[in-house]
Amino acid sequence: MLKLKKVLSILLSAVFVLAMLAGCAQSSNQTSSTQTPSSQKEQGSQNSAAPQQTKPLEGKKLVLAINATFAPFESVKVTPEGKTEFQGIDIDIANSLADKLGFQMEITDMAFAGLIGALTSHRADFVISGISPTKERLNSVDFTTSYFYPSIAIISRKDSPFKTADELNGKKVAVPFGTSYEAKAKAMKGTNVIAIDGSPAVIQELKSKRVDAAVIDGCQAAEFVKQNPELEYHLLPNEHLLEDSFAIATPKNSELTPILDKAIKEMMANGELDKIVAKWLGEDYVKEYKAGK
């Protein structure tokens, strides 16, 4: 009997030990199964917390004001279907900015002299229209970094050419009203400056022989000579002055200014701006422009 009790005691102890071992194994399995999903959840949470690339002006609608009489920077094109579209270097820049920054764009065409007023009265959000950051304009609006330094040209008739500023002494010189070219022409010795609204009207005055010459943008002069073979142009020395450059204009203290400034700098650095200019003016122009000519 004593021997039987001893055997039973040993068996019970063995069963208890086995039960303990099974319990520990189960506990270990449960801990492992709960840690794995927790770890996966934490890893997934870290992945979802990764910053999403967003466009800073996503969903906004902005009004761009232009004066579409300044080919090849901005002009009006009528499609075969009779639809009116805007085209040019500045339009391509604006479209690229809209794509990069995520905003929708409405374009309004107006007289060049009204562009600054459109910004100060908040009828427009920004201007990309061959506009220069002059001291006078900086009193009313802000500008981004300049994206283009245009050449200035004297354009005249082939039967009465003028190649230098000195030759315009005592001559009637037409210029687009309200532009930096007006100030440039007035600074030339002895010129009688006639300011007219819009470059096409300036060229018409020249062709009609009501003025002797015109002072306009060099790129625009090249375009007009293509269309009017009786005319010729000559570039003036380019000083690359800030007040003669083109930049994006915005209302004073606008939140758009640093956003547009950053984007236009990126376009200049990565070569996208050069490609846009080359599309309209040719690779040779870009090469000369980059060389500082």
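The values are calculated or read from the model by the stated rules, or taken from the named source; none is laboratory data. Quick caveat: nothing in here was measured; it's all calculated off a predicted structure. All Cβ positions, even for glycine, are placed from backbone atoms using ideal geometry, and neighbour counts span all protein chains on display.
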#### Entry: Hits in region 64-83 - residues which are surrounded by 13 or more Cβ atoms within 10 Å (Cβ to Cβ) and out of contact with any helix residue (DSSP H, G or I) (no Cβ under 8 Å at 6 or more places or on another chain)
ALA68, SER75, VAL76, LYS77
### Number of the condition not met by THR84 [criteria: (1) within 20 Å of LEU273 (Cβ to Cβ); (2) polar (S, T, N, Q); (3) at pLDDT below 95]
(1)
### Query
Within region 214-255, can you find the residues that are acidic (Asp, Glu), farther than 18 Å from ILE155 by Cα and modelled with pLDDT of 85 or more?
GLU243, GLU255
### Task
Go through region 33-69 residue by residue and tally those that are touching a Phe, Trp or Tyr at 6+ places or on another chain (Cβ under 9 Å) and modelled with pLDDT under 90.
0
### Summary
When restricted to ALA221, ALA187, ALA183, ALA201, the only residue over 29 Å from PHE103 (Cβ atoms), under 26 Å from the mean Cα position of the chain (by Cα) and outside the structural domain of ASN67 (by TED's automatic domain parsing) is ALA221
### Message
Show the residue pairs meeting these rules: Cβ distance below 7 Å; 6+ apart or different chains; first residue within region 170-196 and closer than 17 Å to GLU136 by Cβ and touching a residue at least 40 places away in the same chain (Cβ under 8 Å); second residue assigned to a loop (DSSP other than H, G, I, E, B) and among the small types (Gly, Ala, Ser).
### Response
PRO176/GLY198; SER180/SER132
## Note on the structure
Restricted to region 227-283 and to residues being under 17 Å from ASP92 (Cα atoms) and touching a Gly at 6+ places or on another chain (Cβ under 8 Å), the residue surrounded by the fewest Cβ atoms within 10 Å (Cβ to Cβ) is TRP280
### Task
Scan region 189-201 for residues that are in contact with a helix residue (DSSP H, G or I) (Cβ under 8 Å, 6 or more places away or on another chain) and surrounded by fewer than 21 Cβ atoms within 10 Å (Cβ to Cβ) and report the count.
8
### Query
Has region 247-265 got any residue that is closer than 27 Å to ALA187 by Cβ, touching a residue at least 24 places away in the same chain (Cβ under 8 Å), β-branched (Val, Ile, Thr) and outside any loop (DSSP other than H, G, I, E, B)?
no
### Message
Being assigned to a loop (DSSP other than H, G, I, E, B), closer than 30 Å to PHE103 by Cβ and either out of contact with any helix residue (DSSP H, G or I) (no Cβ under 8 Å at 6 or more places or on another chain) or not assigned by TED's automatic domain parsing to the domain that holds LEU97 (or both): is that true of GLY178 here?
### Response
yes
### Task
Among residues belonging to region 284-293 that are in contact with an Asp or Glu (Cβ under 9 Å, 6 or more places away or on another chain) and surrounded by 12 or more Cβ atoms within 10 Å (Cβ to Cβ), point out the one that is modelled with the highest pLDDT.
VAL286
### Message
Kindly evaluate VAL193 against the criterion of being more than 26 Å from GLY282 (Cβ to Cβ) and either modelled with pLDDT of 95 or more or not in a strand (DSSP E or B) (or both).
### Response
yes
### Query
From GLN220, GLN204, which residue is crowded, with 18+ Cβ neighbours inside 10 Å and outside any strand (DSSP E or B)?
GLN220
